[in-house]
Amino acid sequence: MSKLRLGILASGRGSNLQSILDQITAGRINAEVAVVISDKKEAFALERARMAGLPAGHFNYRDFPSKDAYESSIVDRLKQHGVELVCLAGYMRIVGKVLLAAFPGRVVNIHPALLPSFPGLHGQEQAWAYGVKFSGCTVHFVDEGMDTGPIILQAVVPVYDEDTADELSARILEQEHKIYPEAIRLYAEGRLKVEGRKVYVNKNK
Ligand code: GAR
């Protein structure tokens, strides 16, 4: 079976990108990272891509007259590299209609909270400040809302009284590095079926 071509969008340190690369290298996902794109020039994710010998591109939002133009340019690059699944990995912008229309049902995201709780920025800090006893992370398909698309996988972690927000974030991140590659593996194996809000995992493969 041919390898699923991934396009990764990241804004920061790229530890989720790294976990995907590591699982691919270990032969656990039938996929390859075709290109890494960042809206931040200094994102360490771009450096990780270069170190792995992968194409890496920086797109500065301010260089474009509109969000549509910015996204069109990213779409062109993703298509040039034959991308089939777009993975947001710490990409800190709301995906717009141009990108979604170019990859319908083929954009996924990792969020550092148990959606639908604590969407948007700083999900870990939001959960910590709210005082929940459990939090976690969510891999979901992306739709036009903010972190509202159908949920593929979630992982739960406890929140301890003595936790700082940073300690909770680290505990969540450990799980992100497990469930994001796992969700991509399931997608690559054609085992995800979306019906409305629900994503069913075919276990018989
Ligand atoms: C991760 O915790 C990810 O869940 C979060 O940003 C971090 C990126 O880390 N994403 C969001 O908050 C999206 N709204 P990374 O750059 O090391 O992968």
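The values are calculated or read from the model by the stated rules, or taken from the named source; none is laboratory data. It should be emphasised that the depicted structure is a prediction, and the values quoted were computed from it without experimental measurement. Cβ placement follows ideal geometry from the backbone for every residue including glycine, while neighbour counts extend to all protein chains displayed.
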Practice prompt. Would you check if there is a residue in segment 16-34 being within 15 Å of the ligand (Cβ to nearest atom), assigned to a strand (DSSP E or B), under 24 Å from T138 (Cα atoms) and among the polar types (S, T, N, Q)?
Written response: no
Discussion item. The conditions are (1) within 11 Å of the ligand (Cβ to nearest atom); (2) touching a strand residue (DSSP E or B) at 6+ places or on another chain (Cβ under 7 Å), and L173 fails exactly one of them. Which is it?
Written reply: (2)
Discussion item. Kindly evaluate E42 against the criterion of being within 15 Å of the ligand (Cβ to nearest atom), free of Cβ contacts under 8 Å to residues at least 40 places away in the same chain, surrounded by fewer than 17 Cβ atoms within 10 Å (Cβ to Cβ) and in a loop (DSSP other than H, G, I, E, B).
Written reply: yes
Worksheet, complete the sentence: If we keep only residues of segment 125-146 that are buried (at least 19 other Cβ atoms within 10 Å of the Cβ) and within 20 Å of I184 (Cβ to Cβ), then the residue farthest from the ligand (Cβ to nearest atom) is F141
Response to the item:
Scanning segment 79-117 residue by residue, those of a type in the set (S, T, Y) and touching a residue at least 40 places away in the same chain (Cβ under 8 Å) turn out to be Y91
Worksheet item: Does N30 satisfy being modelled with pLDDT of 95 or more, surrounded by fewer than 17 Cβ atoms within 10 Å (Cβ to Cβ) and not small (G, A, S)?
Response: yes
Worksheet item: If you check G145 against the conditions, is it out of contact with any strand residue (DSSP E or B) (no Cβ under 7 Å at 6 or more places or on another chain), assigned to a loop (DSSP other than H, G, I, E, B), at positive phi and without any contact (Cβ under 8 Å) to a residue 40 or more places away in the chain?
Response: no
